[in-house]
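Peer 1: Handing you this structure, nothing more for now.
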Ligand code: SF4
């Protein structure tokens, strides 16, 4: 598989300002030294509880937020040539000059707030095209209609405002705007969670079809595990600013090894309630990202924590010799047995 991104030691900290002078009084460690590879053409699901750093990671990759430290190596193609560049600290003007800015897009959770209510649909979709391509008015309108058709809308929608559409249609408009520049990569930030259940499946199917047709790469941020199972090729699990497990989607559902992943997946409703394994209920709340626990950040809530877990941070290492399945846990090799003994067969 061809890599599209390599994140190395990526950090995003936010200062908390206080006092009359609004000076930094503390720091939120939203994303804290993560390593992650994203492959061209895949959908990588990024899951975890609210506030664990999923959206911040996505925004840092596409430079909507500037990373605090670390590298974002982007393998991009231009004029038939492939190049690997670190975009973590690249000035926006340089990203635009190299044609990188237009390759990185985002679809936000709530289309009601992400679309300007004063703009016609025609202009919402045309805006990013105007920034990066030279077209006359006729060509531009033709391209906008083509994009509307691609997301299941028509030219009859051109001269309407966002409030005239349903939630699902508004998200289609947001998707049309995101694909307007023919991007490589789109961060999908919970794109179905603000929608009615009845239209969630339609939007998911649209995103899946577009990904294959346009050879897009997605980072799909969600806390909805059935959604991620449906759409993702691989899954990365985040906890308190750290990646704790990554693997192919089917493998993580069958052989998850990190106790946090075990707890997350045990919460999925099962059709066969009688034979569903016992749910793993975690005790305590997620600690504050201002002052995260030492060693393994999960140790205050982990039923299997040892002394070493408080002292040493576990690294992401291959699980059972599988280089595509990485787990950050000191006890990863005995975890299946430990979970089986405590909670029964999974
Ligand atoms: Fe639990 Fe220790 Fe593994 Fe962390 S490293 S998940 S505390 S067993």
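Values in this text are rule-based calculations from the coordinates and carry no lab data. Given the structure is predicted, the values throughout are model-derived calculations rather than measurements. Ideal geometry is used to build each Cβ from the backbone, glycine not excepted, and the neighbour counts take in all protein chains shown.
Peer 1: Among 224, 142, rank each residue by its count of other Cβ atoms within 10 Å, from fewest to most, as a rough exposure measure.
Peer 2: Details: 224 16, 142 13.
Least crowded to most crowded, the residues run 142, 224.
Peer 1: Moving to a separate point now. Give me the Kirkwood hydrodynamic radius of segment 117-258 in Å, from all C-alpha pairs, to one decimal place? All intermediate terms of the calculation are to be shown ahead of the outcome.
Peer 2: On the way: mean 1/r = 0.0602 Å⁻¹.
That comes to 16.6 Å for segment 117-258.
Peer 1: Moving on to the next point. For the chain, give me the percentage of DSSP beta bridges that are antiparallel, rounded to the nearest 5 percent.
Peer 2: Values: 34 of 51 bridges.
So the antiparallel bridges amount to about 65 percent of the total.
Peer 1: Quick one: Debye curve from the C-alpha atoms of the chain, no solvent, what's log10 I(q)/I(0) at q = 0.14 Å⁻¹?
Peer 2: The computed values of log10 I(q)/I(0) come out as -1.20.
Peer 1: To continue, here is another question. Measure out, as a whole number of angstrom, how far apart the alpha-carbon centroids of segment 181-201 and segment 279-333 sit.
Peer 2: Taking the Cα centre of segment 279-333 as reference, the centre of segment 181-201 is 30 Å away.
Peer 1: Give, as ranges by residue number, the residues of segment 25-48 whose backbone N falls under 16 Å from the point 7 Å along Cα→Cβ of residue 313.
Peer 2: 27-36
Peer 1: Report the equivalent ellipsoid semi-axes for segment 2-132 in whole Å, largest first, defined as the square roots of five times the eigenvalues of the gyration tensor built from alpha carbon atoms.
Peer 2: Values: eigenvalues 135, 101, 51 Å².
They are 26, 23, 16 Å, listed largest first.
Peer 1: Any idea what angle helix 167-179 forms with the longest principal axis of the chain, computed on alpha-carbon atoms, 0 to 90 degrees, nearest 10?
Peer 2: The helix 167-179 is inclined about 80 degrees to the chain.
Peer 1: With the cut-off at 1.5 for a/c, could you classify segment 257-343 from its C-alpha gyration tensor as rounded, prolate or oblate? Working shown, then result.
Peer 2: Values: a/c = 1.96, a/b = 1.32, b/c = 1.49.
Here segment 257-343 falls in the oblate category.
Peer 1: Apply the a/c threshold of 1.5 to the C-alpha gyration tensor of segment 91-173 and tell me whether it is rounded, prolate or oblate.
Peer 2: It comes out oblate by the Cα gyration axes.
Peer 1: May I pose another question? For segment 42-200, what are Rg and Dmax over the alpha carbons, in angstrom?
Peer 2: 16.6, 47
Peer 1: Here's a follow-up. Considering only 16, 72, 125, give the residue with the highest GNM mean-square fluctuation for the chain, with springs between Cα atoms whenever their separation is below 10 Å.
Peer 2: Of 16, 72, 125, the most mobile in the Gaussian network model is 16.
Peer 1: For the chain, calculate the relative contact order in percent as a whole number, restricting contacts to Cα pairs under 8 Å that are 6 or more residues apart. Could you put the intermediate results ahead of the total?
Peer 2: Details: 624 pairs, mean separation 63.0, N = 346.
About 18 percent, as a whole number.
Peer 1: Right, here's the next one. Would you calculate the separation in nanometres between label points at residue 324 and residue 198, each defined as 7 Å from the Cα along the Cα-to-beta-carbon direction?
Peer 2: A separation of 3.9 nm, rounded to one decimal place.
Peer 1: Once the principal axes of the Cα atoms of segment 1-69 are found, what is the range along each, listed largest first in whole angstroms?
Peer 2: That gives 52, 23, 18 Å along the principal axes, largest extent first.
Peer 1: If you don't mind, another one. Rounded to the nearest 10 degrees, what's the angle between the helix 197-214 long axis and the longest principal axis of the chain, both from Cα atoms, 0 to 90?
Peer 2: 70
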